[in-house]
Structures are given as structure tokens and as C-alpha cells.
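Rule-based calculations on the coordinates, nothing more; no lab input. Note that the structure is predicted; figures quoted are calculated from it, not measured. Neighbour counts are summed over all protein chains in view; Cβ atoms, including those assigned to glycine, are modelled from backbone coordinates with ideal geometry.
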Amino acid sequence: MNRRDLLYRVALATAATHISAFSSAETPRSSFTRASTAEEVTAGLNLAGKTAVVTGCNSGIGFETMRVLALRGAHVIGTARTLDKGKEACAKVSGKTTPVALELADFGSVGACASTIRAMNVNIDMLILNAGIILDDWQQVNGLEKQFVVNHLGHFILTQRLLDRVIAAEQGRVVTVGSGNHKQAPQGGIQFADLSGRHWYKKGYHHSKLANGLFSLELSRRLRDTRATSNCVTPGPVDTNIRRNLSTSSAPPNMKTPAQGAATVCYAATNPALAKVTGEYFADCNPAPQSAQQTDRAMAAKLWQVSTELTRAVASPDS
Ligand SMILES: NC(=O)c1ccc[n+]([C@@H]2O[C@H](COP(=O)([O-])OP(=O)(O)OC[C@H]3O[C@@H](n4cnc5c(N)ncnc54)[C@H](OP(=O)(O)O)[C@@H]3O)[C@@H](O)[C@H]2O)c1
């Protein structure tokens, strides 16, 4: 462990006393199950007056999340890689939705998306970081492994640019869509020494999902003196377009429907019992086991610092 890592660990051991109030043991449990749908877990909720941002609104879990949050009365700002895709998705949904273009592999697009949302002058009650890709070949963006860029760094910038609006909400929530695949991340976790992916791209998706979980954890620490919360969810295996880039079909058996896949996302974003729950990881609408790496606060803090350096030009709310 180098000196900087040691300092992080000391600082975080101190910080841990503030967030221990939200340990899993105290997180309320729900009676929802793997079979529960997003409509079921939000039944009876009135989200009128609330604003949600959902990334990846045109497909799979993101589309269903947008549909159900709008059904319950929220204004959903849905992002898609092109404005046309976003418009098409929003047109299929009843309720108030606004499409915005967001290409997470292009930091300029992320900045522009954030500026467009900021110009709407709304507080953000739910920031749902859902968009994602799986690749099985080695692709890079500006020398960085692409899934790390799309699934983590793009969302990192978006969050930085919108966080004051989340904090200003009555009880803002950031929900990061991670995955149980974080448990298969490369040995040692986040590959700080070489983020090109050259030696670990076969595990690049797992690496990016660990990044999602660590990002959510560190964000919860940074939000500890606010009303806002940050939680990570895994939807479980869901029958969506996520596997479309894979050369071999490796779909797991017994996949959930998108309606079931969006349930935990919507639960974490809306359930009144979770108003003070932060830094948690959910599966099937309940706290779930995660790897030791995904609860490593030093790794989470280091990821935040490295992500800040990699995105410095576009991450500030004023840029
Ligand atoms: N399905 C599962 O089994 C499963 C399991 C665990 C976790 N997850 C997570 O669930 C989330 C949603 O995935 P899904 O299953 O609903 O997959 P999906 O149907 O493929 O939807 C993914 C969404 O992300 C968007 N997206 C992809 N690359 C993007 C980019 N570069 N910039 C902006 N948006 C981009 C897609 O847009 P386009 O349609 O234009 O490509 C689409 O809207 C992902 O974070 C995924 O990792 C899924």
C-alpha cells in the first residue's frame, strides 16, 4: 500500500463513523420478490411534482423505469444516444417526459446533456444512472477501456454536473444501476495502474460494474451531510438488448422481464421507507450481499479521485 492509499484508509476510517447509521442491518426489508414488477413496487405512490432523470430511456430497464415513474406522475427526463431515439421512446409513454441526447462515450455530449437539464431549472428528485453496454472485444475511448468510460466515467461527469440539483431536492436520490457481475471484477479491483483495458478487457464489464458500485458508495459518503442519498442496485439477469454486442449468445436462464428488472431500480428511487438509506446495495428490492471490493471505501475514494482527474475538463457544474 502506498502512502496515498494509507492516508485514504485513515481518513475513511474516520468518515465511516458518520455513515454507519446506514448499515445494511438497519435497512428496511421489503416483501417484494424477484417476481415483483416496477408497477407493483410503486403501486399507490404519487410522484406528481417530482423530477427524475433516467439514462438509457429507450431500451430495456431504462425504458420501463421511465414508463413507470411517469405513470406515477413524475416528470421524467429521459436520455438516449440521439434525440430522435429519446423522442421515440418518450412518445411511447403516458405522462410527462422530456427527451435529451446523451452519448456517454463522448464527454462533450455528457456536458451538453447536463447543460440542457440544468437549463430546465428543476430540482432532481431521482437521478437514475442506468445506461450501459457489454462488450467482449477490446475497445477504447481516448486510451481508456470503453465500458469503464460509458458505464462509469460518463455517469460520473453527469452526476458531478447535476449534483447540486439533486441536493436541492426535498430528498434527492441517486440510483446507480450496477450488477452482480461486479463480483467477477479483475483481481485487485479497479485497474488504476492501467485503465486501457489491454490486459483485462475480457472482464471489462465486471470492472465497470464494480466501478458503478464504488462510485455509489463514495457518493453516499460525500452526501452524508445532505438530505440526498446514493444507492446501487442490481436488476438481476433481465431479458433486454444488453447482450447485443456479444459474439456468442450467453444469455443466462430464467431471465426476468424488463418489468421485473426495473422493479429494484424504481424501488430504490421511490420507496418512502428508504428516505435515509444510503450507501446500500439492493437486489430484488432488498439489501444484498456484495463483494469485499465493492465495500472497499479506500478503493471507492481512489476511484473518485482518479475519475475526477480523468474528467476534470467537463465535470464542474460551471463548465
Ligand atoms: N439486462 C441484464 O441482465 C442486466 C443485469 C445486470 C445489470 N444490468 C444493467 O442494467 C442497465 C440497463 O441495461 P439493459 O439491460 O436495460 O440494457 P439495454 O436494453 O441494452 O439498454 C441499455 C441502454 O443504455 C444505452 N447506452 C448504451 N451505450 C450508451 C452510450 N455510449 N451512451 C449513452 N447510452 C448508452 C442504450 O442505448 P442504445 O439502445 O442506443 O444502445 C440503452 O438505452 C445497464 O447498466 C446494465 O449494465 C443489466
Quick one: if you stick a label point 7 Å off each Cα along the C-beta vector at Q305 and S115, how many nm between them? 3.2
Distant-in-sequence amide H partners of L102 (H built 1.01 Å from N, under 5 Å): A80, R81, T82
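Residues with beta-carbon under 11 Å from that of A101, excluding A101: net charge, scoring Lys, Arg +1 and Asp, Glu -1? It would help to have the intermediate numbers written out before the result.
Values: positive: R81, K85, K87; negative: D84, E103, D106.
Net of charged neighbours comes to 0.
Output the relative contact order of segment 33-314, whole-number percent, from Cα pairs under 8 angstrom with separation of 6+ residues. The partial results should precede the final answer.
Details: 608 pairs, mean separation 58.8, N = 282.
Result for segment 33-314 is 21 percent.
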Shape verdict for segment 33-314, please, from the Cα gyration tensor: rounded (a/c under 1.5), prolate (a/b greater than b/c) or oblate. rounded
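Sort the following peptides by mean Cβ neighbour count (other Cβ atoms within 10 Å, averaged over residues), highest first: 203-211, 255-263, 300-308.
Working: 203-211: 26.1, 255-263: 23.2, 300-308: 19.9.
Sorting 203-211, 255-263, 300-308 by mean packing, highest first, produces 203-211, 255-263, 300-308.
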What's the center-to-center distance, using Cα atoms, between segment 174-188 and segment 114-148 in Å? 16
Amide H to amide H, which residues 5 or more places from V53 or on other chains are under 5 Å from it, using H placed in the peptide plane? I77, M126, L127, I128
